[in-house]
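The values are calculated or read from the model by the stated rules, or taken from the named source; none is laboratory data. Here the structure is a predicted model, which means the values were calculated and not measured. Cβ placement follows ideal geometry from the backbone for every residue including glycine, while neighbour counts extend to all protein chains displayed. Each accessible area value is taken on the protein alone, full model and side chains, heavy atoms only, with ligands, DNA and RNA left out. Shrake-Rupley method; radii C 1.70, N 1.55, O 1.52, S 1.80 Å.
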Amino acid sequence: MFLAFLIFYLFLTGFPPSVIRASIMALAVIFSSSFGLRYDPLNMLSFAGTCILLFSPFELFDVSFQLSFCACFGIIAFYKHFDGIFGKILNSVIITVSATVATLPIILYQFGSISSVSVIANLIVVPISSLALILLVIAIVPIMISPYFLPLALPSYYVGFAANKIIELMSKIPPINMPVDSGLIALGLLLYVI
């Protein structure tokens with residue numbers, strides 16, 4: 001059932017690298033738990049990247065591929081050091097900060113500036129969007145069984161609507177784009193590789 005949902009979701013989203021990565025990693029978790037194998041998130045992230053690049057090598061130069069894998073790497077690498085130390089709300093903040101820190105060199109390289117609003121917006125919108133997605137996943141199976149269950153999607157719709165309104169409000173705040181010197185970008189990328 002889960003495999004059918006993953007395939008459906010891949011087609012629904014148009015096979016972006018982030019969804020392919022997440023699907024491969026989810027399948028690896030299911031496979032490893034079914035056969036009692038040890039699951040290593042970094043190995044699975046590498047495996048997902050290798051699979052994508054085998055079929056489409058030019059994805060390596062796609063910004064969404066780079067950001068998706070760097071964000072996932074940041075969450076895997078940094079979050080485990082703080083897991084369980086703080087409450088659930090602070091843990092979601094740590095996940096957001098981990099992804100932001102890990103994607104910072106790519107953002108600097110690709111765009112040459114950092115927006116101060118984006119970090120704050122992510123801290124607010126990511127937990128709300130996650131809730132909307134969870135509510136939608138809960139509602140989707142009954143909706144597929146019968147259209148009479150369509151009202152079950154309303155909570156997800158309203159939470160997603162609220163997230164969009166917050167994004168609209170935050171987009172009206174004039175961002176402080178901090179341009180970054182290319183030498184600093186090169187230094188940041190070098191430190192990132194090390």
Structure-based [θ]222 nm, the chain - -39500 (n - 2.57) summed over DSSP H runs of at least 4, per residue, nearest 500: -25500 deg cm²/dmol
Residues of the stretch 1-45 with amide N under 19 Å of the 7 Å Cα→Cβ point at N164: 12-14
Rg(Cα) / (2.2 N^0.38 Å) computed for the chain, rounded to two decimals: 1.14
The stretch 1-118, accessible surface, carbon-and-sulfur percent (1.4 angstrom probe): 75 percent
GNM top mover of T13, T100, T50 - the chain, alpha-carbon springs below 10 Å: T13
Pairwise label distance in nanometres, I128 with Y39, each label 7 Å out on the Cα-Cβ vector: 3.0 nm
Mean accessible surface per residue for the chain, computed with a 1.4 Å probe while every protein chain stays in place, in Å²: 65 Å²
Positive-end residue, the chain charge dipole about Cα centroid, Cβ charges, pick of F58, H81, L133: L133
P(r) histogram, all alpha-carbon pairs of the stretch 9-65 included - 5 Å bins from 0, percent: 4, 19, 26, 23, 15, 9, 3, 0
DSSP H segments from the chain that extend 27 Å or more along their own axis, Cα-based, with Kyte-Doolittle mean of 1.0 or above: 88-111, 116-145
The chain: most fluctuating residue of I145, I95, I52 per GNM, C-alpha cutoff 10 Å: I145
Taking the chain and dividing mean pair separation by its residue count, relative contact order in percent (alpha carbons under 8 Å, at least six apart): 17 percent
Mean projection area, nm², convex hull over Cα of the stretch 67-139: 5.5 nm²
